[in-house]
Every structure is written in C-alpha cells, then in structure tokens.
Amino acid sequence: MSAAAAAGTWKLGDLEVNRVGYGAMRLTGNGMMGNSDGTPIDRDAAVRLLHSAFEQGVDHVDTAAFYFSPLRSANELINRALAAWRGNDVVVVTKVGPGREPSGEWLPMARPDQLRGQVEENLRQLGRDHLDVVNLRSDGMDSIAEHFGALAELRAAGLIRHLGLSNIRPRHVTEAREIAPVVCVQNSYGLDWRRADENGLVDLCGELGIAFVPFFAISGQRREAGAARERDVRLHTVARAHGATPAQIRLAWTLHRGPHILAIPGTADPAHLTENIAAGALRLTEEERALLDLDLGLDQPAGTGG
C-alpha cells in the first residue's frame with residue numbers, strides 16, 4: 001500500500017482517489033506571487049517533486065489557472081509532470097470564477113458567460129481534452145445558480161467530467177445540487193479555523209456523500225503566508241507521542257473528522273511533502289482529539305482564499 005493510501009480512499013463522482021492529495025498553489029512561490037527573493041522555482045525540481053508525490057500514491061492534485069508567479073504556472077508544471085509520468089492515473093481538480101491579469105492583479109469575479117473561457121484556459125494549460133473536476137469558487141456571491149448552471153452546460157458538452165464548489169456556504173450546496181451533481185466542496189478549515197463546523201457544512205457534505213476538502217489546514221489563519229512556528233503546546237504534546245510534527249497532527253486531525261475529508265497540503269519542499277503524505281497514516285486517540293478540540297476559538301471569519 002502506498003503512503004497516500006494509508007488514510008483510505010473516497011470517490012469524486014466515479015473517480016476514486018486516495019484521501020491524501022496535493023495542493024499546487026505553493027509550487028509557484030509564496031502566496032502565488034512568486035518567491036520572496038524573486039527567484040522562480042526550478043521547473044525540473046517542480047516536476048521531480050510532483051513525481052515524488054505520485055510515487056508515494058498521491059492521485060489527486062488541486063490547482064487553478066490563477067496559481068502563477070511571474071515566470072511559473074502551476075498548471076504548466078502539472079502538465080509537464082503528467083506528460084512524463086507513466087504510473088497511476090492522477091485526478092486534476094481546478095477551479096474557476098476569479099481570475100488574474102498577467103501582472104498578478106486580481107480581476108472581478110467572472111460573469112457566467114466568461115466561465116467557458118476560463119475552462120478552456122485550464123484545458124490549454126493542462127494539455128487535456130476535458131477537466132476531471134472543476135470547482136466554482138463563489139467569492140461571496142449571494143446566489144451561484146447562474147454561474148453553476150453555466151458550468152453544468154460545459155459538463156453536458158463534455159469539457160468537464162464533474163463539478164464542485166469552493167469557498168461557499170451550506171445553502172450554496174443545496175442551490176447547486178438542484179442544477180447538477182456536486183462531488184466536492186473546498187473551504188478553509190482546520191484546528192483553529194472551524195467555521196465549516198459551526199455552520200454545519202462539514203456534516204452536510206458527509207450526509208450527502210460529498211467530499212469536503214479543507215484548504216489552509218496547516219497554515220490556518222496565516223493562510224497564503226504559510227505555517228509559522230507552532231505555539232500550541234497541545235499539538236507539540238500529541239506530536240511527540242506519535243513521533244510526528246505538529247503540522248502532521250493538524251492534517252491528521254482534519255482526516256479524523258470524517259471519511260469524506262480529503263487533504264490537499266501544498267509545499268515545494270520534498271521533505272515536507274513526504275511528511276504531509278505520511279500524516280495520513282497517523283491514528284489519533286479519542287483523548288488526543290478531545291485535547292486538541294479544547295479552547296481553540298471557533299469565532300473565525302469565513303475564508304476567502306484557496
């Protein structure tokens with residue numbers, strides 16, 4: 001059994017994936033805007049990193065066309081890696097809605113009639129005839145019906161295999177499912193960022209058989225800035241008991257939340273990649289989970305990234 005399979009599998013529609021995947025945002029640098037020193041990531045190193053993930057059983061990669069820095073694109077790097085890969089199939093999940101200028105400036109939320117262009121841009125960058133899964137990232141929209149309906153039409157046309165949602169509220173799941181099946185929901189979620197527990201989104205997805213895919217599960221409130229030195233004594237205590245790192249315990253905690261939870265930790269560090277994947281094999285006791293659940297502050301604002 002591969003390392004990524006240790007946490008089990010889940011289905012995105014008819015696509016079965018290991019619950020531990022990989023998020024490509026950090027492939028292009030810090031916060032999608034390039035490395036702090038302005039040095040672009042080495043393409044060959046990025047491809048080696050992705051191949052290492054695949055070799056360890058990762059078969060679910062999260063990306064977006066707006067994950068780019070001045071000289072690098074996450075989609076382009078994934079395309080290169082998959083073109084040279086002869087192993088297991090890899091499910092690529094991308095997202096549409098927001099967009100960025102080549103300069104890096106964010107564009108307003110796309111109109112429904114502009115989503116086809118975003119889908120086709122992902123197809124070109126990834127070198128694919130269809131996209132496995134496309135998430136609509138809502139970015140605060142009151143209703144997603146018109147946008148999700150436009151994606152459902154592209155699904156019917158064969159450009160998209162499955163649809164999901166990102167950065168949404170529970171009512172958006174109901175709204176979308178009246179239009180087309182929803183296979184996954186991506187929202188910010190972790191030990192110290194649990195709005196998706198408060199509003200019932202995690203449980204709703206479990207009841208409906210929809211994968212819930214947390215982003216920023218390690219970095220938490222630091223979000224795109226990445227993880228900082230861990231100051232929670234409880235995490236260090238549990239980590240020592242398992243011979244693990246605090247970041248691994250954060251990932252393990254999310255996976256213990258339910259069998260429908262998928263992990264997509266991102267990193268450009270090969271050692272951290274191996275640690276993240278290995279977190280799927282950790283088994284926390286009820287006492288450890290109860291300890292971690294105490295007094296972590298659940299009054300966090302809803303996330304807008306990912």
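Nothing in this text is a laboratory measurement; each read-out follows from the coordinates by a stated rule. Computed from a prediction, not measured in an experiment: that's the story for all the values here. We place every Cβ from the backbone using ideal geometry, glycine too, and count neighbours over all the protein chains shown.
If I stretch the segment between A145 and R283 completely, what's the gain in nm (0.36 nm per residue apart, minus their alpha carbon distance), one decimal?
Fully extending the segment from A145 to R283 adds 45.7 nm.
Summarise the long-distance tail of P(r) for the chain by giving the % of C-alpha pairs beyond 26 Å.
On the way: 19114 of 46665 pairs.
It works out to 41 percent of all Cα pairs.
Counting other Cβ atoms within 10 Å, which GluC sites (Glu not before Pro) in the stretch 62-138 have at most 10 and lie in a DSSP loop? Show your work: numbers first, answer last.
Working: sites: E76, E105, E120, E121; in loops: E105.
Within the stretch 62-138, the qualifying GluC sites (Glu not before Pro) (loop, at most 10 other Cβ atoms within 10 Å) are E105.
Where the centroid of each part is defined by its Cα atoms, how far is the stretch 234-262 from the stretch 92-107 in Å?
31 Å
Could you give the C-alpha radius of gyration of the stretch 65-154 expressed as a fraction of 2.2 N^0.38 Å, taking N as the number of residues it contains? Don't skip to the answer; put the middle values down first.
Details: Rg = 13.8 Å, N = 90, 2.2 N^0.38 = 12.2 Å.
For the stretch 65-154, the normalised Cα radius of gyration comes out at 1.14.
Could you tell me the distance between the Cα centroids of the stretch 1-24 and the stretch 192-221, to the nearest Å?
17 Å
Could you go through the stretch 11-23 in sequence order and give the Karplus-derived ³J(HN,Hα) for each residue, using 6.51 cos²θ - 1.76 cosθ + 1.60 with θ = phi - 60°, rounded to whole Hz, and x for Gly and Pro?
For the stretch 11-23, the Karplus curve yields 9, 9, x, 9, 9, 8, 10, 5, 5, 9, x, 9, x Hz.
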